[in-house]
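None of the figures in this text is laboratory data; all of them are computed from the coordinates on show. It should be emphasised that the depicted structure is a prediction, and the values quoted were computed from it without experimental measurement. Don't worry about glycine lacking a Cβ; one is built from the backbone with ideal geometry, like all the others, and counts go over all protein chains shown.
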Amino acid sequence: MNDVATTNSASKSIAYWFILVVVVADQLSKQWALNALSEGKVIKLFWTLQFNLVFNSGMAFSQGQGVGRIIGVLAVFVVIGLMLSLRDAKILATTIGTGLLVGGAIGNILDRLFRDGGWMNGAVVDFIDLQWFPVFNVADSAVTIGAGFLILGAFLTRARA
């Protein structure tokens with residue numbers, strides 16, 4: 001019993017560190033984008049990768065523009081559910097995936113809460129532009145990678161059973 005408590009405690013600590021790193025990296029990179037890419041400035045890096053500032057008041061791939069408040073509230077419930085799921089995390093991949101996903105969700109929730117229109121009216125700051133894929137940010141990347149880790153964790157958990 002004590003080993004399980006230690007494992008769950010360590011698992012939560014790992015997830016919390018991932019959450020912290022993602023939220024800080026996301027918010028710092030968005031602040032940089034707001035400062036460096038204002039007034040339509042675009043920074044071309046290589047091939048099709050460029051930094052280009054856009055604002056998304058909808059959800060993934062700019063769908064659902066104008067329903068940011070609903071998306072923000074739903075995201076808060078998803079974060080709560082994921083945090084509660086950490087109690088049952090048995091595999092490192094699941095812990096990492098949860099930390100990345102929660103950190104990314106919180107990063108975008110903070111935009112909706114505090115940017116532009118205020119309480120769940122703000123738009124998410126996106127700036128990583130491949131020109132052949134919707135413009136995204138660090139939080140979006142963390143959500144996508146975190147989902148991949150959760151899928152991997154589900155397969156590994158099933159393989160152990």
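Here are some notes:
- Once the Cα-Cα distance is subtracted from the 0.36 nm per residue extended length, the residue 88 to residue 76 segment shows a gain of 2.3 nm.
- Candidate lysines for bridging to residue 41, where Cα separation is under 16 Å - those fewer than 8 sequence places away on the same chain excluded: 30
- Applying the Karplus relation 6.51 cos²θ - 1.76 cosθ + 1.60 with θ = phi - 60° to the range 19-36 yields 3J(HN,Hα) values of 4, 4, 4, 5, 4, 5, 4, 5, 5, 5, 5, 5, 5, 4, 4, 4, 7, 7 Hz, where x marks Gly and Pro.
- Vicinal HN-Hα couplings computed from phi for the range 71-83 (Karplus, 6.51 cos²θ - 1.76 cosθ + 1.60; Hz; Gly/Pro x): 4, x, 5, 4, 4, 4, 5, 5, 4, 4, x, 5, 4
- At q = 0.15, 0.24 Å⁻¹, base-10 log of I(q)/I(0) for the range 92-161 (Debye sum, equal scatterers on each alpha carbon): -0.58, -0.95
- Residues in the range 127-134 carry Karplus couplings, in order, of 8, 8, 10, 8, 6, 10, 9, x Hz; the curve used is 6.51 cos²θ - 1.76 cosθ + 1.60 with θ = phi - 60°, and Gly or Pro positions show x.
- Local electrostatic count at residue 123 - Lys and Arg +1, Asp and Glu -1, tallied over other residues with Cβ under 10 Å: -1
- The range 126-161: chymotrypsin sites (Phe, Trp or Tyr not before Pro) in DSSP loop, at most 11 other beta carbons within 10 Å: 132
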